[in-house]
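Asks: Shown below is the structure under consideration.
Rule-based calculations on the coordinates, nothing more; no lab input. These numbers were taken from a predicted model, which means no experiment stands behind them. As a convention, Cβ positions derive from the backbone with ideal geometry for all residues, glycine included, and neighbour counts pool all protein chains shown.
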Amino acid sequence: MTQIAKPAAILSIAGSDSGGGAGIQRDVATARAIGCLPTTVITAITAQNLSEVRDIQRVDLKLIESQFRAVVEGFDIRAVKIGMAGHSSAVVRIAELLREYELPNIVVDPVLVATSGGVLGDIETAEAIKEYLIPLATTIAPNQDEAEVLCGLSKGEIGCGVEGDSVWSAFRDMGAQSLLLKGGHAENWQGAEIIIDTLYTENSTTEIRGRRLNLPQHATHGTGCTLSTALACYLAVGNNIEESARCAVAFVHQQLLKG
Ligand code: PLP
């Protein structure tokens with residue numbers, strides 16, 4: 001039998017956003033724009049638009065697993081982005097599969113709340129992300145709200161009593177190798193002209209500064225998905241985490257400018 005070479009690809013494990021602006025739809029568009037081949041494992045289907053999440057249907061674990069095996073066995077997966085897992089049991093199964101296939105360059109975007117405020121992951125899902133996914137991740141890219149939930153902090157505490165270094169230290173205790181803490185949602189930056197995303201690794205802290213664009217909230221829907229997928233793509237082609245984080249932040253900025 002002729003062996004077909006496995007095409008190099010990235011894998012997005014995420015939910016479907018019926019509005020098209022975030023989730024799987026955004027991840028596929030991002031990977032293609034960067035020039036990587038996207039493959040997908042859909043974990044949940046959401047019914048939503050820019051103002052609300054109306055319904056969520058989880059994909060059963062068996063189908064999550066068969067999507068995963070089909071993709072990993074048919075493609076040369078160079079990086080993985082995990083977005084909305086949707087349920088703690090899905091997080092556990094995804095972690096088992098990631099370990100079984102020893103996939104490289106794992107980017108975790110701990111999706112818990114939609115930009116519109118809809119809940120996309122409950123507290124058990126957050127706990128499972130901490131226990132099972134963070135220790136496997138090359139990097140984790142939470143926004144401020146998600147970082148606060150994962151670190152057991154109250155809303156608004158980061159930057160207002162709790163500094164980034166302590167957040168990194170909490171993630172390191174969870175087993176994280178690196179952390180890209182996004183500054184875009186930070187309350188205390190409202191009105192400021194720059195956004196600072198900070199990459200923490202074992203050996204360095206790198207601030208990535210960008211000009212804040214004054215966009216309505218709905219225009220930023222999906223930026224977390226774009227950033228984490230872009231990070232996976234840049235890691236997939238051999239960049240280190242610092243280079244990948246800089247390129248991913250620049251890519252998001254470019255996309256926001258395009259509108
Ligand atoms: N994944 C899905 C399926 C979503 O619907 C959303 C937001 O609605 C997200 C992820 C997170 O989006 P964002 O990139 O705006 O954080």
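Asks: Could you pull out every residue, at least 5 positions away or on a different chain, whose amide H is within less than 5 Å of the one on ASN49? Hs are placed 1.01 Å off N in the peptide plane, and Pro or chain starts have none.
Replies: It is ARG54, by chain and number.
Asks: So, R0 is 41 Å and r is the distance between the beta-carbons of GLU65 and LEU257; what FRET efficiency does that work out to, to 0.05?
Replies: It comes out at approximately 0.55.
Asks: Could you work out how much longer the chain between ILE194 and ARG209 gets when fully extended? Use 0.36 nm per residue separation minus the Cα distance between them, nm to one decimal.
Replies: Computed gain between ILE194 and ARG209 is 4.7 nm.
Asks: Give me a comma-separated list of calculated 3J(HN,Hα) values for the range 75-90, in order, Karplus coefficients 6.51, -1.76, 1.60 applied at θ = phi - 60°, integers in Hz, x for any Gly or Pro.
Replies: Result, ordered by residue: 10, 8, 7, 9, 6, 10, 10, 10, x, 5, 8, x, 7, 4, 5, 5 Hz.
Asks: Assuming 1.567 mPa s and 4 °C, estimate D for the range 146-241 with Stokes-Einstein, Rh taken as the Kirkwood radius over Cα pairs, in µm²/s.
Replies: 89 µm²/s
Asks: Taking R0 as 45 Å, what's the FRET efficiency between GLN217 and GLU102 from their Cβ-Cβ distance, rounded to 0.05?
Replies: Numbers: r = 39 Å, r/R0 = 0.87.
Efficiency, rounded to the nearest 0.05: 0.70.
Asks: Pop a pseudo-label 7 angstrom from the Cα along the beta-carbon direction at both GLU124 and GLU202 and give the gap in nm to one decimal.
Replies: 3.5 nm
Asks: Within the set of other residues whose C-beta is less than 15 Å from the C-beta of ALA33, count the net charge using Lys and Arg as +1 and Asp and Glu as -1.
Replies: Neighbour charge sum, excluding ALA33 itself: +3.
Asks: Hey, can you grab everything whose amide H is under 5 Å from the amide H of VAL59? Only 5+ residues off in sequence or another chain; H modelled, so Pro and N-termini drop out.
Replies: ALA44, ILE45
Asks: Can you run phi through the Karplus equation (6.51, -1.76, 1.60; θ = phi - 60°) for the range 150-166 and list ³J(HN,Hα) in whole Hz, with x for Gly and Pro?
Replies: 5, 8, x, 9, 7, 4, x, 5, 6, x, 9, x, 10, 8, x, 4, 6
Asks: Using modelled backbone amide H atoms (1.01 Å from N, in-plane), which distant-in-sequence or interchain residues come within less than 5 Å of LEU37's amide H?
Replies: Correct list: ILE10.
Asks: Among ALA137, THR220, LEU61, pick out the residue whose Cα is farthest towards the positive end of the charge dipole of the chain, where Lys and Arg carry +1 and Asp and Glu carry -1 on C-beta, about the Cα centre.
Replies: THR220
Asks: Build a GNM of the chain with springs between Cα atoms under 10 Å: which of ILE129, ILE56, ILE24 gets the top mean-square fluctuation?
Replies: ILE56
Asks: Here's a follow-up. Please figure out what share of the DSSP beta bridges in the chain is antiparallel and state it in percent, rounded to the nearest 5. Working shown, then result.
Replies: Numbers: 17 of 38 bridges.
Antiparallel: roughly 45 percent of the beta bridges in the chain.
Asks: Quick one: divide the alpha-carbon radius of gyration of the range 136-181 by 2.2 N^0.38 Å and tell me what you get.
Replies: Normalised by 2.2 N^0.38 Å, the Cα Rg of the range 136-181 equals 1.03.
Asks: Show me the trypsin sites (Lys or Arg not before Pro) within the range 124-173 that DSSP assigns to loop and that have at most 11 other Cβ atoms within 10 Å of their Cβ.
Replies: On the way: sites: LYS130, LYS155, ARG172; in loops: LYS155.
Counting only loop positions with at most 11 other Cβ atoms within 10 Å, the trypsin sites (Lys or Arg not before Pro) in the range 124-173 are LYS155.
Asks: What per residue convex hull volume, in Å³, do the alpha-carbon atoms of the chain yield?
Replies: Details: hull volume 30.9 nm³, N = 259.
Output value, Cα hull per residue: 119 Å³.
Asks: Could you pull the Cα extents of the range 190-258 along its three principal axes, largest to smallest, in whole Å?
Replies: Largest to smallest, the principal-axis extents are 34, 22, 14 Å.
Asks: Let me ask another. What share of the DSSP beta bridges in the range 1-125 is antiparallel, in percent to the nearest 5?
Replies: Antiparallel: roughly 25 percent of the beta bridges in the range 1-125.
Asks: Can I ask one more? Please work out the C-alpha center-to-center distance from the range 187-259 to the range 61-93 and express it in whole Å.
Replies: Each part reduced to its Cα centre gives a spacing of 25 Å.
Asks: Here's another thing I want to ask about it. Only residues of the range 126-141 count here: report those whose backbone N is under 17 Å from the spot 7 Å along Cα→Cβ of GLU157, or say none.
Replies: Flagged as within label range: 126-127, 130.
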